[in-house]
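What follows draws every value from the coordinates through simple rules; no lab data is involved. These numbers come from a predicted model, not from an experiment. Here the Cβ positions follow ideal geometry from the backbone for every residue, glycine too, while neighbour counts run over all protein chains shown.
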Amino acid sequence: MKEQEKQHKRRVRYKGTHPRNYKERYKELHPEKYPETIEKVIRKGSTPVGMHISICVKEILDFLQIQPGQKGLDATLGYGGHTKEMLKCLNGEGHLYALDVDTVESAKTKERLQNLGYGEDILTIKNINFRDIDKVCEEVGKFDFVLADLGVSSMQIDNPERGFTYKKEGPLDLRLNQKKGTSAAERLKEVTQEELEGMLVENADEPYAHEIAEKVIAKLRRGESIDTTTKLQQIIEEALEFIPLKERKEAVKKSCQRTFQALRIDVNSEFEVLYEFMEKLPNVLNEGGRVAILTFHSGEDRIVKRAFKELKRAGVYSDVANDVIRPSVEECNYNSRARSTKMRWAIKA
């Protein structure tokens, strides 16, 4: 019997002159094939879909002072941009461990780094939460340097199937690891109005927390489902209809950002994870070991700042950052997602 020829699968086509949705941006999703397109997107001050531009790379490397032969930990692997730069500093000597709960993205990152020549001899990637750094330390020993970038990767934000942004239609999920835990849609079904209001205030300083929580719970009580990003966005718009029209668009935008942030923090227990990480951190560092942490909102920064200062007073750290380090104006112009970044550091006594 004659073997049937495989049909040629055409790439996704898009209407007009520019791709609009996630799947149509096939060039951005394959940066190794279309470097000119990637460069053009970045020059415009945008982050290519499916990529993540690392923040404060120079500031991090200047502080960590990585030397060949050292052992380090990237507690939040993501797209691997920081990891790659730290590996360069090791110059083939020593070892870097990297953690990430997102099994989908970490597998892609591992392949990218292996293609650059960074194999198991110098890089080990583990699919565990960075709250478990003590378990890693028990297995491999203490570290000379540690980095934790607490931001959500652009790959997760850009992919509508992950539900991290109100700007794109997708399931209201927001989990960093979609194989574990409860989605944001399911979480909303569990909370009371008082709990939701408290979540919005505590996790995102939302000024219209009462109005949004009241509207969300009212919809759910009427049997309406809130299972997509756009449904939640529409509810927030309805909750803020009392705001004057000329101010409403900007208010809705900011409240959507804060509401999605608050839900993401809750669904992934981000504050609890960070508290646990900060508590265990000194015990995984060698004497003189250095740690740098990037935060992206005030709640995270407060936790890091307080932990560093308290442990310096206790003599655990010999020195900590007195002031936050921020990305340069040039970097913020180049990468708009860097604008809210704050970096703090500490040195183990």
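For this structure, a couple of remarks:
- Highest mean packing comes first when the peptides 207-216, 78-87 are listed by Cβ atoms within 10 Å, giving 78-87, 207-216.
- Once the chain from Glu139 to Ser336 is taken as fully extended at 0.36 nm per residue, the excess over their C-alpha distance is 67.1 nm.
- Normalised by 2.2 N^0.38 Å, where N is the number of residues, the alpha-carbon radius of gyration of the stretch 61-104 equals 1.14.
- Long pairs among Lys219/Lys305; Lys71/Lys342; Lys108/Lys219; Lys189/Lys280; Lys254/Lys348, criterion Cα-Cα beyond 32 Å: Lys219/Lys305; Lys108/Lys219; Lys189/Lys280; Lys254/Lys348
- Inter-label distance, nm, simple model (7 Å from Cα along the C-beta direction), Tyr275/Asp319: 3.2
- Inter-label distance for Leu245 and Leu116, nm, one decimal - labels placed 7 Å from Cα along Cα-to-Cβ: 5.1
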